[in-house]
Amino acid sequence: MGGGASGAPTQQGGVDSESGAGSAEAGSGAASNEGGASPGSAGGASPGSAAEAGTAGASGESSSAGGRGTDSDSLDLRGIAADTLNHNPAPPGLGDARSRAVALLATWSQTQKLALIRGSSGNYVGNVPAVGSIPALTLQDGPAGVRYFSGVTGFPAPITLAASWDRALVESWGAAMGAEMRGKGVMIQLGPMMNLARVPAGGRNFEGFGEDPYLAAELAARDVAGIQSQKVVATAKHYVGNEQETNRFGGNSQIDDRTLHEVYYAPFDASVRAGLASVMCSYNRLNGLYACENPTALADLKTGMGFSGWVMSDWSATHSTVTSANAGLDMEMPSGSYFSALGTAISNGDVPQARLDDMVLRILTALYRLGILDDPPTGNSASNVNPSAHVDLARQAATSGITLLKNQNGLLPLDSSKKIAVIGRAGHSAPAFGGGGSAAVTPPYVVSPFTEIQLRSGNTVTYTNGLDSDAALAARAADVAVVFGSVDSTEGSDRPSLSSGVDSLVSAVAAANPNTIVVLNVPGAVLMPWLDQVAAVLVAWYPGQENGKAITPILFGDENPSGKLPLTFPKNASDLPQPASTQNVAYTEGLAIGYRALDAANVAPLFPFGFGLSYTTFSYAELKLHPHNSQGSVTAEFKLTNTGARAGAEVAQLYLSYPAGSGEPPRVLRGFERIALAPSESRTVNIELDARALSSWDSAHRSRQVLSGTYRIAVGGSSRDLPLEAALEVIGTDASAGTNPGTGGTGGTSGTGGTGTGSGGSATGGTSGNGTCDSPVDLDASVNTYGLLTTGAACFRTPLSFNAVACTQWAGRTLKINGAVVLCTGSQITVPPAIGGYSYFDISAGDSSYAAIGWFTL
Ligand code: BGC
């Protein structure tokens, strides 16, 4: 494929003519030049910057040799096993931990079991009293570090880490937070927060990892791994559909099944792959049912994703005893308003005993697996847990996320001989730190930018904390004005607007001095009506306690700005969804969250997703695709060069376009690497896409599939600056149903469509189909994920471990597996031979609810 290098050597968004996305965006070449080399206004923010960027591209400062793939770039995925696409492996140590939990459970009374699954009062945000040999469980917020207690590090907010696009940094930060939690006696951290920034004004966007499911999934998973490396449980929250705070208690997020699987489940799914031990279900309703009693969502988590840990409710997000327990809730927090009645519900037969045992086993297994029960924390809330290494990390994290959006005429980095006017409260008297709510942290101090700028500058630095008129005077008296603005954000409400709060101040200052630099401490996107009037814009997000020590080295060029936007900055608030003010929160855009919607509608953003300038320049060249049929993956190889005079990091991004008719947005992020390069240094970068990365969710068959057709892989420095592009022909899993070599082609009968690998032909199983079978097999309860029915058995016992469904529950209804009718009598489900094979299955009663999903082999 490939098709030559049309547009490839340039670097402008216009390269991607397919989406019509071109136009003014990105312009990294234009604006990323050091010093005064930039030909025009930065960032494509203003009309006409496309031309400027074109100039830069033509001048050869940016990418030059846009290599393409060759006509032989094709990948055959017919041999990919369905479980590679659909099934997460069990985390290391699960079997042993589970055995220990089972052994302990066998010694426990019903009273003890009932004590472990609900909260009580105590010194932490969540507390479970000691049960037998198990010490009291301690749960503490939150996603940005230890809440409420002093003696902790004030790390930057998660959105700042997201802007770094740095997996290793995120894992180190997770580990540092985990260590501080443990040092404070905490066993269970109530984070990461992984709801997506669907609504730019969303009050909790600063707690998460931006708008893109892949970026959020990659970073959330590293955060989980870091936290849990410290023998602390990570809690992925809020599951699921909690993308706005307006009407958060019960607002009904209406999200279709495919969108859930491809977008909103993605960070949770990746976290499960990283060994996640706990999930918090959310306040909102999802498709009509409260999230904490939604059997579909909870089965998707536990059996679909193979989550082996436990689900706790958000604080007072439980609304029932029987319904919640049977749907899959495992722990009520912060008290036992409903789960205190669980004992009675079990005696009445409304909740199976097996369900309570499962709750307890999930909790104990997770605690054993992470080593917490063998080595409980010894610290307490008074311990000091903020060593200097964490302070350094907090500074590095804040620096890594700072995102340069505009740099006209190379005003930045600042010449230290210039007279500087620092303006705005966030510049000194009220330096920004973080957001509110459960992601709040109490920092020991917050470093003032003004203080640090004074220390670094070789000339006079003034500070003005007053009216627009005073600010204008100060700006006029200086060579350069640096205006600081900050916007608050907190759980419980969405931002009332996308205002930066400093519109009139910035305009007044810019009118007085064209060398105006705006530094924004914001929780997410803001509008910039003054953009054309100012020379430079830096987004420093919520930088944590080291604030001034992070921004000052960037301002003076001691560090290179390398952050990239983890969310779109729209031109108009109405370009992206607003928080719904009604109880119904319809996710009508489906898969087209954030930049995907603007790409699809060909609407130019103010600054696109993935965008961020630099003091140096980078070129992208020589894209080659290497398909690996045996592994079912493709490697995209390309060359990245630092073509400028400064050292700096670039976040190279890979976007995938699906074949026509797939229903996917024009481009979706599927890979990125943050790479630090010295001046003139080149690096060959390899980004691997596995079959999952190419897949989409097939709701009809409740399975991932890879569609056959032509995929396009584009690489560059933002979602609208993709100089390299290549095409990949894929023979997908949809081509394999019923055509697997040697299997007799009955795959279609399983109804698994694209995932029907290996199905068919072999499903004799020594059973007479709809009759009874001699040796029923239990589903593999140890992981609660899949059952392996191997030799001769074509039936398995109920109740299934998943939702403890007994056949009596389905009396009078037609039970199906993957759409085929099965018999459920007594305590046994019998699988007809026609649906045998190695297959994904869901058991449903012909309506949207289903009893179990999983895997079996006959
Ligand atoms: C928040 C959670 C938090 C919990 C405990 C809830 O209001 O939504 O994120 O972990 O409170 O503070």
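The values are calculated or read from the model by the stated rules, or taken from the named source; none is laboratory data. Please read all numbers here as calculations on a predicted model, not as lab measurements. All Cβ positions, glycine included, derive from the backbone under ideal geometry; neighbour counts span all protein chains shown. We work out accessible area using only protein heavy atoms, side chains counted, and drop any ligands, DNA or RNA first. Shrake-Rupley method; radii C 1.70, N 1.55, O 1.52, S 1.80 Å.
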Mind telling me which of the residues Gly66, Gly57 ends up being of a type outside the set (Val, Ile, Thr), farther than 30 Å from Val131 by Cα, modelled with pLDDT under 50 and part of a loop (DSSP other than H, G, I, E, B)?
-> Gly66
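Being assigned to a helix (DSSP H, G or I) and not aliphatic (A, V, I, L, M) is the filter here; which residues of the range 168-206 pass it?
Filtering the range 168-206 down to residues assigned to a helix (DSSP H, G or I) leaves 168-183, 205-206.
Scanning the range 168-206 gives Glu171, Ser172, Trp173, Gly174, Gly178, Glu180, Arg182, Gly183, Asn205, Phe206.
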Identify the single condition in (1) under 26 Å from His261 (Cβ atoms); (2) open to solvent by 40 Å² or more (accessible area, probe 1.4 Å) that Asn348 does not satisfy, given that it satisfies every other one.
-> (1)
Log entry, pairs with first residue in the range 478-506 being more than 13 Å from Pro529 (Cβ to Cβ), second being assigned to a helix (DSSP H, G or I) and of a type in the set (S, T, N, Q), beta carbons closer than 8 Å, six or more apart or on different chains, reads Ser489/Asn205; Glu491/Ser438
Could you tell me which numbered condition Val651 fails, if it satisfies all but one of (1) β-branched (Val, Ile, Thr); (2) open to solvent by 20 Å² or more (accessible area, probe 1.4 Å); (3) within 21 Å of the chain's Cα centre (by Cα)?
-> (2)
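In the range 319-332, which residue that is in a loop (DSSP other than H, G, I, E, B) and open to solvent by less than 10 Å² (accessible area, probe 1.4 Å) is farthest from the ligand (Cβ to nearest atom)?
Narrowing the range 319-332 to residues in a loop (DSSP other than H, G, I, E, B): 319-321, 328-330.
Filter once more, keeping what is open to solvent by less than 10 Å² (accessible area, probe 1.4 Å): 328-330.
Numbers: Gly328: 19, Leu329: 15, Asp330: 16 Å.
Here the answer is Gly328.
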Under 6 Å by Cβ, and 6 or more places apart or on different chains, what pairs join a residue from the range 169-187 that is modelled with pLDDT of 95 or more with one that is charged (D, E, K, R)?
-> Val170/Arg222; Val170/Asp223; Glu171/Arg222; Gly174/Asp223
Picking from Gly663, Gly610, Gly644, the residue that is over 23 Å from the mean Cα position of the chain (by Cα), outside any strand (DSSP E or B), more than 22 Å from Ile80 (Cα to Cα) and in contact (Cβ under 8 Å) with a residue 40 or more places away in the chain would be Gly644
Within the range 159-218, can you find the residues that are of a type in the set (S, T, N, Q) and more than 16 Å from the ligand (Cβ to nearest atom)?
-> Thr160, Ser164, Ser172
Collect the residues in the range 102-121 that are open to solvent by less than 60 Å² (accessible area, probe 1.4 Å) and within 13 Å of Phe339 (Cα to Cα), keeping them in residue-number order.
-> Lys113, Leu114, Ala115, Leu116, Ile117, Gly119, Ser120
Check the range 449-470 and report whether any residue there is open to solvent by 20 Å² or more (accessible area, probe 1.4 Å), under 31 Å from the mean Cα position of the chain (by Cα) and not aromatic (Phe, Trp, Tyr).
-> no
Could you list, in sequence order, all residues of the range 279-306 that are under 17 Å from Tyr587 (Cβ atoms), in a helix (DSSP H, G or I) and within 16 Å of the ligand (Cβ to nearest atom)?
-> Ala291
Every residue from the range 231-258 that is closer than 20 Å to Pro92 by Cβ and surrounded by fewer than 24 Cβ atoms within 10 Å (Cβ to Cβ) | Lys231
Under 9 Å by Cβ, and 6 or more places apart or on different chains, what pairs join a residue from the range 116-144 that is farther than 27 Å from Gly436 by Cβ with one that is within 14 Å of the ligand (Cβ to nearest atom) and of a type in the set (D, E, K, R)?
-> Ile117/Glu332; Arg118/Glu332
How about the range 127-137: which of its residues are surrounded by fewer than 24 Cβ atoms within 10 Å (Cβ to Cβ) and either within 16 Å of the ligand (Cβ to nearest atom) or among the acidic types (Asp, Glu) (or both)?
-> Asn127
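Rundown of residues vs (1) out of contact with any Leu (no Cβ under 7 Å at 6 or more places or on another chain); (2) in contact (Cβ under 8 Å) with a residue 12 or more places away in the chain; (3) of a type outside the set (Phe, Trp, Tyr), yes/no style:
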position: Ala201; (1), (2), (3): no, yes, yes
position: Phe206; (1), (2), (3): yes, yes, no
position: Val232; (1), (2), (3): yes, yes, yes
position: Asn242; (1), (2), (3): yes, yes, yes
position: Ser253; (1), (2), (3): no, yes, yes
position: Pro267; (1), (2), (3): yes, yes, yes
position: Ala277; (1), (2), (3): no, yes, yes
position: Cys281; (1), (2), (3): no, yes, yes
position: Gly288; (1), (2), (3): yes, yes, yes
Restricting to the range 409-424, what's the tally of residues that are among the aliphatic types (A, V, I, L, M), open to solvent by 10 Å² or more (accessible area, probe 1.4 Å) and outside any loop (DSSP other than H, G, I, E, B)?
-> 0
Per the list (1) in a loop (DSSP other than H, G, I, E, B); (2) out of contact with any Gly (no Cβ under 8 Å at 6 or more places or on another chain); (3) within 16 Å of the ligand (Cβ to nearest atom); (4) of a type in the set (A, V, I, L, M, F, W, C), residue check on Leu276 breaks on (2)
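Is it true that Lys237 is within 13 Å of the ligand (Cβ to nearest atom) and either closer than 24 Å to Leu367 by Cα or under 14 Å from the mean Cα position of the chain (by Cα) (or both)?
Taking the combined requirement at face value, the residue satisfies it.
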Limited to the range 219-234, what total is found for residues that are within 16 Å of the ligand (Cβ to nearest atom) and not in a helix (DSSP H, G or I)?
-> 3
